[in-house]
Amino acid sequence: MISKIISLGWKNVWRNPTRSGVVIIAVLLGTWAGIFTAGFFNGMVQDSLDNQIELSVGHIQIEHPKFQDLYNPKYAISNSDKLIQSLGNKPYIENILAKSVATGLAQSPKNSFGVTINGINPQADSSLAVTQYIKEGNLPDRSSRNAILIGNKLAERLDLDLTSRMVLSFQDIDGEITGAAFKVAGIFNTFSDTYNENTVFVLQDDLNRLLGNSDLIHNIRIDTDELAMAENYAENLRAEYPNLKIKTWREIAPDLRYMFDMMDLMLYIVMIIIIIGLVFSIINTMLMAVLERTRELGMLRAIGMNKARTFSMVMWETGFLTLVGAPVGLLLAWLSISYFGNTGINLSAFAEGFGAYGISTIIYPELTWQYYLNIMLMIAGAAFISALYPAWKTLSLNPVEAIRKFN
Amino acid sequence: MAVITTKSVTKVYNSDKVPVHALRGVDLNIEKGEFTAIVGPSGSGKTTLLNIIGGLDTPTEGKTIVQGTDLSTLSDSELINFRLHHIGFVFQAYNLIPVLTAVENVSFVMQMQGRPNKECHNKSISLLKEVGLEDKINKRPSELSGGQQQRVAVARALASKPDFVLADEPTANLDSVSSGELLDMMAELNQKEEMTFIFSTHDQRVIDRAHRVVTLVDGKIDNDEVRAQTV
Ligand SMILES: Nc1ncnc2c1ncn2[C@@H]1O[C@H](COP(=O)(O)OP(=O)(O)O)[C@@H](O)[C@H]1O
Ligand SMILES: [Mg+2]
């Protein structure tokens, strides 16, 4: 019998093909537009997030627990060689970047500015993200002593060019002020002005010599196989290395985390607004459909169709209104997100200033499968809720009154 | 034993300011196989009586007993079920589900009774043959004339193997030829299947075909006349 009820519900959908068609197309377009918009903004934010994480944060960072307070160089990671080796054996770790760090002052004859000095090892860290942003010159290498890579903003402030000389001064591990002259080997220009201003790179050997210990490693940055799993991976590492401070990108860059969480929320808010609109139009349509069928429903009740059956008939009918359009909309959304996810949507005509936020002018929409799944569940839930009221209306139907209207 | 017995059935409608006494004590016995017309002027209570007999409405006072079951003892949902299994209905209009074909309409009531699909289908086809619509089984109501729709409704009423068929003004929307044909067909089914029919009408030609004529006036039985031998 239930199959008869379902088939009757389906046939009822097509009694008024125009009206049902309009609702079905609205559901289709709403689903498609909602998901595609979500994919678009997600792609935009994800891109910016990815760029920022790639450039300056990474997925996980490891430091001496006391290092983060004052960047005192004596708080280095002990036995860093062994640690890096064992990290390298973990299958989920894709990239490890170990550096020494000092904070100090960059000075030129013209000006001075506070900077973070990263002591890097270019051979070991071939994947250093800043490399792709170098506009002039190169990474510091061993061919010359005390070479330095600086940002264009700092170069501007200190009035430096390639091959200009500048002085870095900072505290060594004994707390004494130390410093040396460096020669600009390269200038980078990333999307972040702050970064371009306050971040410089020198060779680890050069920095550590000045700091007073050649083995110093202050910060190990790890990139894993999946950003979303960073918290779980960090938990593992914390259990394994209880004496080290292990932070994920969410702790290191709360602004990014906020952006990420807001984005997540936004995606759902967009969809919820669309769904609420659809629910109302579905309820409205179905109430009309039930109301104009009072006599027929009264007749059915009279000849012995029980309440459960009329109820479920209307439930199915409403369900079909949603369940025809939604999967098609979902499929279209998936297709268009996949298509534009490959080709990109070029916004350069509209959006010049995006670059400053690490947002590129070509947007590659993307959405995780979890989002599709959640959307499907939300739509199914909405279909169910919007079906309840019209179906409930049939329960109070009085067959005598409905039949009286015949005469 | 009578198929239907009503005992001092009264019905008072209180919906308006003045109470309306639609039935004022109706005692009626309908025996199996009767072909009875309920007649009377408009407003005399025909529909009210048929609704009460059919378990669609409840009397203000009095009892309705159908095949030994006192309808007042049944709950709302039991009544729906009782109607499904014991009573066939033919209304003046809107008898059929517009999105279903003739055969699907007839089958539907049997499917609700939980009978196997095959049986429903075969029985529906043979019933549609009996009402003379073998060439229309796959037509939807909108493709049938008013008379044909009423025939499908009669077939549907018989499909549930009811104790009796109630028809409230089944010919009210039909021309006189179709009305006559419908009544002839019902009379034939009454003879052949020994099916009990109770119908209301104020069409004289329809009244002429009845075997028993119960006349209502102002909610009371004014006359009860048996004209021909019932089966
Ligand atoms: N729901 C109702 N509310 C008030 N009065 C009603 C209602 N239904 C029927 N009546 C009244 O009851 C009387 C009998 O009506 P009805 O049974 O329809 O008569 P008939 O079918 O013989 O024309 C009429 O006076 C009618 O106006
Ligand atoms: Mg009437």
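The values are calculated or read from the model by the stated rules, or taken from the named source; none is laboratory data. This one's a predicted model, so the numbers in the text were calculated from it and none came from an experiment. Using ideal geometry, Cβ is built from the backbone for each residue, glycine included, and neighbour counts are taken over all protein chains shown. The area values use the complete protein model at the heavy-atom level, side chains included, leaving out ligands, DNA and RNA. Shrake-Rupley method; radii C 1.70, N 1.55, O 1.52, S 1.80 Å.
Odds and ends about this structure:
- Checked against (1) in a helix (DSSP H, G or I); (2) touching a Lys or Arg at 6+ places or on another chain (Cβ under 8 Å); (3) more than 20 Å from A:Phe170 (Cβ to Cβ), A:Lys82 passes all but condition (2).
- The set of residues in the stretch A:145-184 being open to solvent by less than 80 Å² (accessible area, probe 1.4 Å) and of a type in the set (S, T, N, Q) consists of A:Asn146, A:Asn152, A:Ser164, A:Ser169, A:Thr178.
- When A:Val101, A:Val57 are checked against the criterion of being closer than 29 Å to A:Ala180 by Cβ, touching a Pro at 6+ places or on another chain (Cβ under 8 Å) and either in contact (Cβ under 8 Å) with a residue 60 or more places away in the chain or not hydrophobic (A, V, I, L, M, F, W, C) (or both), A:Val101 stands alone in meeting it.
- Candidate set: the stretch B:161-176, residues that are over 15 Å from B:Gln149 (Cβ atoms) and more than 16 Å from ligand 2 (Cβ to nearest atom); chosen: the one modelled with the lowest pLDDT: B:Ser176
- Remark: pairs (first residue in the stretch B:193-221, touching a residue at least 12 places away in the same chain (Cβ under 8 Å) and within 23 Å of B:Ser8 (Cα to Cα); second residue of a type in the set (D, E, K, R) and in a helix (DSSP H, G or I); Cβ separation under 9 Å; 6+ apart in sequence or on different chains) = B:Ser200/B:Lys46; B:Thr201/B:Lys46; B:Leu216/B:Lys46.
- Considered as a group, the residues in the stretch B:1-30 that are open to solvent by 80 Å² or more (accessible area, probe 1.4 Å) and in contact (Cβ under 8 Å) with a residue 40 or more places away in the chain include one that is nearest to B:Asp163 (Cα to Cα), and that residue is B:Met1.
- Any hit, the stretch A:3-14, residues being within 14 Å of chain B (Cβ to nearest Cβ), in a loop (DSSP other than H, G, I, E, B) and open to solvent by 30 Å² or more (accessible area, probe 1.4 Å): yes
- Test: residue in the stretch A:293-301 that is open to solvent by less than 20 Å² (accessible area, probe 1.4 Å), away from chain B (no Cβ under 13 Å) and either in contact with a helix residue (DSSP H, G or I) (Cβ under 6 Å, 6 or more places away or on another chain) or under 21 Å from B:Val106 (Cα atoms) (or both): no
- Residue within the stretch B:152-160 that is open to solvent by 80 Å² or more (accessible area, probe 1.4 Å) and either out of contact with any strand residue (DSSP E or B) (no Cβ under 7 Å at 6 or more places or on another chain) or in contact (Cβ under 8 Å) with a residue 24 or more places away in the chain (or both) present: no
- Some residue of the stretch A:250-261 being assigned to a helix (DSSP H, G or I), open to solvent by less than 30 Å² (accessible area, probe 1.4 Å) and closer than 25 Å to A:Tyr195 by Cβ: yes
- Wholly within the stretch B:1-65, strands (runs of 3 or more DSSP E) carrying at least 2 residues that are within 14 Å of ligand 2 (Cβ to nearest atom), within 14 Å of chain A (Cβ to nearest Cβ) and more than 14 Å from the chain's Cα centre (by Cα): B:4-13, B:20-30
- Test: residue in the stretch B:65-75 that is in contact with a Lys or Arg (Cβ under 7 Å, 6 or more places away or on another chain) and either open to solvent by less than 30 Å² (accessible area, probe 1.4 Å) or among the charged types (D, E, K, R) (or both): yes
- Failed item, numbered, when A:Ile282 is tested on (1) more than 29 Å from A:Gly43 (Cβ to Cβ); (2) open to solvent by 30 Å² or more (accessible area, probe 1.4 Å): (2)
- Scan of the stretch A:302-341 for residues that are more than 14 Å from every other protein chain (Cβ to nearest Cβ), closer than 30 Å to B:Gln113 by Cα and of a type outside the set (A, V, I, L, M, F, W, C), ordered by number: A:Thr318, A:Gly319
- Just one of the numbered conditions (1) within 14 Å of another protein chain (Cβ to nearest Cβ); (2) of a type outside the set (D, E, K, R); (3) open to solvent by less than 20 Å² (accessible area, probe 1.4 Å); (4) not in a loop (DSSP other than H, G, I, E, B) is not true of B:Asn81: (3).
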